[in-house]
Amino acid sequence: MKKSVYIASILLLTISLGLSSCFTTKSMLGTKYNYSFKLLGDHAKTDKMFDDGKIQAFFIVGDKDLNFTLKNLTPDPMKINWDEASLIIYGESKRVMHKGMKFIDRNSPQAPTVIPSNSSIDDLVLPTDNVYYREGYYGTYISNPGGWEQRDLFLTRDLNKEETKQLIMNSKGQTFKFFLPIEQNGQKMNYTFEFQVTDVTPAVKS
């Protein structure tokens, strides 16, 4: 009987510590904020769609990456040179990796992607320096294994600091860019897609 009570107490303590750790971490991170974006430029048909007659692209800006569908509207194949692509965030050009690349290979050369005539691809890009390996910790009652993680593209947590909150809120109106070099018939076409922050709002707590 005493042994059962002891085991039950240990289990309750373990759960309590785990929940406490989770809530403490979330509390330390502070409020989370959601960003809204719109695509800029003469060929922006909507807030999310680009069309210049040669390519058509539809973008969704996520917390950690830029997702897009790109269609080749021409009769000839196109090739994307990923190693020359970049995201320009807060004025800094960042090397990117795309879908299918392993995090551990983030700094390795990336093979080009060929898009046949009148075909499309679904892909995403994220800065390679936003990817890191988090070391785990292991204890008697609670453990948390390590693993690969990604930082957000932009500040999304205020860390309970007023100055960080103001920095996030002042992001409204700022822009970031996606540079995508495309090659066709030996000719380079350098596309730069520009996005503007249209709104920043605190996330609704569930």
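Which of the residues belonging to the stretch 179-188 are touching a residue at least 60 places away in the same chain (Cβ under 8 Å) and not in a loop (DSSP other than H, G, I, E, B)? If you could, list the steps in order and put the result at the bottom.
Restricting attention to the stretch 179-188, the residues satisfying the condition of being touching a residue at least 60 places away in the same chain (Cβ under 8 Å) are 179-185.
If the condition is that a residue be touching a residue at least 60 places away in the same chain (Cβ under 8 Å) and not in a loop (DSSP other than H, G, I, E, B), then Phe179, Leu180, Pro181, Ile182, Glu183, Gln184 are the ones that fit.
Only residues in the stretch 49-62 that are buried (at least 17 other Cβ atoms within 10 Å of the Cβ) count as the first member; pair them with residues that are among the basic types (Lys, Arg) and in a strand (DSSP E or B), Cβ under 6 angstrom, at least 6 apart or cross-chain, and list the lot.
Once the first residue is buried (at least 17 other Cβ atoms within 10 Å of the Cβ) and sits in the stretch 49-62, its partners that are among the basic types (Lys, Arg) and in a strand (DSSP E or B) give Gln56/Lys71.
Since Trp148 meets every condition but one in (1) outside any loop (DSSP other than H, G, I, E, B); (2) modelled with pLDDT of 95 or more, which condition does it not meet?
(2)
Which one is surrounded by the fewest Cβ atoms within 10 Å (Cβ to Cβ) among residues in the stretch 97-131 that are touching a residue at least 40 places away in the same chain (Cβ under 8 Å) and aliphatic (A, V, I, L, M)?
Ile104
Take the residues in the stretch 189-206 that are assigned to a loop (DSSP other than H, G, I, E, B) and hydrophobic (A, V, I, L, M, F, W, C); name whichever of them is modelled with the highest pLDDT. Before you say what the answer is, go through the steps one by one.
Initially, the stretch 189-206 is screened for residues assigned to a loop (DSSP other than H, G, I, E, B), giving 203-206.
With the extra rule that they be hydrophobic (A, V, I, L, M, F, W, C), the set shrinks to 203-204.
Details: Ala203: 89, Val204: 75.
The selected residue is Ala203.
Could you list, in sequence order, all residues of the stretch 172-193 that are under 25 Å from Gly41 (Cα atoms), surrounded by fewer than 15 Cβ atoms within 10 Å (Cβ to Cβ) and not polar (S, T, N, Q)?
Lys172, Gly173, Lys188, Met189
Quick check on the stretch 143-171: of everything there that is in contact with a strand residue (DSSP E or B) (Cβ under 9 Å, 6 or more places away or on another chain), more than 21 Å from Thr198 (Cα to Cα) and of a type in the set (D, E, K, R), which residue is surrounded by the most Cβ atoms within 10 Å (Cβ to Cβ)?
Our first condition is that a residue be in contact with a strand residue (DSSP E or B) (Cβ under 9 Å, 6 or more places away or on another chain); within the stretch 143-171, this holds for 143-151, 153-158, 164-165, 168-171.
Next, from what is left, pick out any that are more than 21 Å from Thr198 (Cα to Cα): 143-151.
Filter again for of a type in the set (D, E, K, R), leaving 149, 151.
Values: Glu149: 12, Arg151: 15.
Applying the filter and picking the extreme gives Arg151.
Which numbered condition trips up Phe176, out of (1) assigned to a loop (DSSP other than H, G, I, E, B); (2) touching a residue at least 12 places away in the same chain (Cβ under 8 Å)?
That leaves (1) as the condition not met.
Consider only pairs whose beta carbons are under 6 Å apart and that are at least six residues apart or on different chains; among these, list those whose first residue lies in the stretch 141-160 and is more than 17 Å from Phe103 (Cα to Cα) and touching a residue at least 60 places away in the same chain (Cβ under 8 Å) and whose second residue is surrounded by 12 or more Cβ atoms within 10 Å (Cβ to Cβ) and of a type in the set (Phe, Trp, Tyr).
Pairs that qualify, where the first residue is more than 17 Å from Phe103 (Cα to Cα) and touching a residue at least 60 places away in the same chain (Cβ under 8 Å) and the partner is surrounded by 12 or more Cβ atoms within 10 Å (Cβ to Cβ) and of a type in the set (Phe, Trp, Tyr), are Thr156/Tyr33.
Between Lys79, Lys71, Lys64, which is within 17 Å of Leu124 (Cα to Cα), outside any strand (DSSP E or B) and either among the hydrophobic types (A, V, I, L, M, F, W, C) or at pLDDT 95 or above (or both)? Step through it out loud before you land on a result.
On the way: Lys79 fails: outside any strand (DSSP E or B); Lys71 fails: outside any strand (DSSP E or B).
The unique qualifying residue is Lys64.
The values are calculated or read from the model by the stated rules, or taken from the named source; none is laboratory data. Owing to the predicted nature of the structure, the values given are computational and were not obtained by experimental measurement. As a convention, Cβ positions derive from the backbone with ideal geometry for all residues, glycine included, and neighbour counts pool all protein chains shown.
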